[in-house]
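The values are calculated or read from the model by the stated rules, or taken from the named source; none is laboratory data. Everything numeric in this text was worked out from a predicted model, so none of it was measured. No Cβ is skipped: glycine too gets one built from the backbone with ideal geometry, and neighbour counts run over all protein chains shown. Ligands, DNA and RNA are excluded from the accessible area calculation, which covers all protein heavy atoms including side chains. Shrake-Rupley method; radii C 1.70, N 1.55, O 1.52, S 1.80 Å.
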Amino acid sequence: MTTDPTAGSTEGGMDRRTVMKAVGGTALAVALAGCSDLLQEEDDPIEDAEVPDEPIEAGLQTFLEGAPAVLGVQAQYGAETAVRRINDNGGIADRQVELEVVEEGEEALENYQQFVDDGMDVTFGPISSGNHEAMVPEINDQGVINVATDGTVTTLYEEDHPPEDNQYSFRFQNHDVMEALAAAIEAVELLGEDEIDTYAGINPGYAFGFDEQEIFAAGIEQLTGAELVYEGFPDLGTDDMSTHIEEVNSEEPDVLFSSCWGGDATLLLEQGHGAGMFDNVELLVGPVLYGSANDLSEDLTDGPIRAGSRNFYWDQPDTERWSPGDELVAEVQDEYGVLPTAHFMSGYGAVTAWATAAEKAVRLLGRWPDQEELAEVLTNHGFFTPAGYHTIGPDHQGYSNAHFGELAWSGEYDAAVIEDVNVYAAKNVSPPQGQTSLDWIESW
C-alpha cells in the first residue's frame with residue numbers, strides 16, 4: 001500500500017540527477033519541488049517565446065474566517081508560498097504572479113464570476129464541496145481554468161461532470177474515496193478483519209460528510225462484513241455532539257469513522273474524551289483530522305486515534321531522506337508560525353500544478369498558451385512538490401499518496417503530529433479511470 005518517492009535516495013535525500021530529470025530540468029519546476037539547492041547560477045530561460053509583458057493575475061478563494069479557516073488559511077499560506085517561490089525564481093516564463101485572495105464564504109460562484117470579470121488568468125479554490133459543485137458548470141461556460149484546492153466530493157468528476165463534459169475545471173486535492181477508503185484499510189490493518197464486527201460514523205451533515213460515510217461504509221463492509229450500528233450527521237459548525245457520542249457509547253462499535261474537521265473535529269475529541277467515548281470504541285479513524293493539528297491540545301491526542309492527512313504529511317517521506325519536506329516545515333514555521341497540513345499543500349499544489357503546466361505549454365508552443373491549450377497540458381500533467389510526485393488524471397482529478405498515523409503530541413513543535421505513518425498509493429485507494437468508486441468497491 002505504500003509508495004516511497006525517495007526510492008533510490010542517497011543519505012542527503014533523493015538522488016539529485018533523478019529529481020532534475022523527473023521535473024524536466026527547469027529552474028521553476030525544481031524550485032517548486034523544493035530542491036532549491038539544484039538551481040545553477042545560470043537558469044534556463046525560455047528564449048524567443050512570445051510571452052506577454054504584464055504579470056499573471058491569479059485569484060484564490062478560501063475560508064479566511066470562522067471555523068473553516070483552520071483549513072482555509074492553510075490553503076492561503078500554501079498558495080502564497082508557491083507564488084513567492086515562483087516570483088523569487090523569476091516567474092513563469094519571466095512573468096511574475098500576482099495573487100488576490102478573497103473570503104470564500106457562501107459566495108464561491110460569485111467570487112469566480114468576479115475573478116473572470118476582473119480578467120484573472122487563472123483561479124484557485126474553493127475549500128467547500130458544495131461550493132465546488134456549484135462552480136463547475138460556470139467554470140466550463142466561462143472558459144477560465146480553475147484548479148480547486150479542495151471541494152473533494154467523489155461524485156463531482158466521476159458522475160456529475162465527467163471528462164467529456166468538463167474542460168476547464170481541475171482539482172488538485174485527493175477526492176473523498178482516497179481518504180475514506182484508506183481509513184477503512186487502515187482500520188483493518190490495525191485491528192484485523194476478524195476483529196471488526198461493528199462500526200459507526202459521525203460525519204458533517206453536508207455533501208462531504210455524506211460522501212465520506214458512504215464510501216467508508218462500502219469499504220469496511222467489503223473488507224470485513226461489519227454491521228453499521230449508528231451514523232450521525234451533525235450540522236457543520238455545531239456546538240454540541242453529545243447526542244451522537246451517547247449513541248456511540250451505547251452501541252460500543254469496534255470502529256468509529258469521522259470526517260469531521262476544523263472546530264467540529266476538536267469538539268468531537270473534547271466531548272468524546274469527557275464522555276468516555278474512547279473507552280467504548282476500539283479505534284477512531286479520522287481521515288482529515290490532522291487538518292486541525294495546530295488547534296489541538298496535548299490532552300486531545302490521547303486514545304486509540306488514527307489521523308489522516310490526505311496527500312501530504314510533512315514528515316513523509318522522512319525529512320532526513322527527503323530534504324524538501326524538512327525545508328518546507330522550517331520555511332512555514334518561520335513565515336507563519338504553524339506546521340503545514342494537507343490543506344497547506346492544497347494551496348501550494350494547486351498553484352504548482354498550473355504554474356508547471358503553463359511553463360511546459362510555453363516551451364511546447366513557443367508562446368503563451370490560451371485557456372484551451374493550457375487545459376490540454378494540465379490533463380495528464382505530472383509534477384513534484386515537497387510532498388513528492390503528483391498527477392492530474394484524464395478525469396481532471398489530482399492523485400497523490402494518502403497518509404494515516406497515530407495521533408500524538410510533539411514537544412519539539414508543541415503541536416499534534418502523526419506517528420507510525422502508513423502511506424497509501426493513489427492506485428490502491430481510487431478506481432480505474434471510467435469506473436465510479438462505489439461500483440469499483442462493490443466489485444471486489
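A few notes on this one:
- Tabulated pairs, the stretch 136-162, first touching a residue at least 40 places away in the same chain (Cβ under 8 Å) and under 17 Å from A75 (Cβ atoms), second open to solvent by 10 Å² or more (accessible area, probe 1.4 Å) and of a type in the set (V, I, T), C-beta under 8 angstrom, 6+ apart or interchain: T149/I127; D150/I127
- If you go through the stretch 391-430 and keep only what is under 23 Å from L223 (Cα atoms), surrounded by fewer than 19 Cβ atoms within 10 Å (Cβ to Cβ), in contact (Cβ under 8 Å) with a residue 60 or more places away in the chain and not aliphatic (A, V, I, L, M), you end up with E406, N428.
- Any hit, the stretch 335-347, residues being part of a helix (DSSP H, G or I) and open to solvent by 20 Å² or more (accessible area, probe 1.4 Å): yes
- Tally, over the stretch 285-313, of residues that are more than 10 Å from W409 (Cβ to Cβ) and surrounded by fewer than 20 Cβ atoms within 10 Å (Cβ to Cβ): 4
- T154 being within 18 Å of the chain's Cα centre (by Cα) and either open to solvent by less than 10 Å² (accessible area, probe 1.4 Å) or hydroxyl-bearing (S, T, Y) (or both): yes
- Among the residues examined, V188 qualifies as part of a helix (DSSP H, G or I) and more than 17 Å from P431 (Cβ to Cβ).
- Qualifying residues in the stretch 352-380 (those that are outside any helix (DSSP H, G or I) and over 19 Å from N89 (Cβ atoms)) - the one most open to solvent (accessible area, probe 1.4 Å): N380
- Sole residue being part of a helix (DSSP H, G or I) and either in contact with a Cys (Cβ under 8 Å, 6 or more places away or on another chain) or modelled with pLDDT under 90 (or both), chosen from D37, D48: D37
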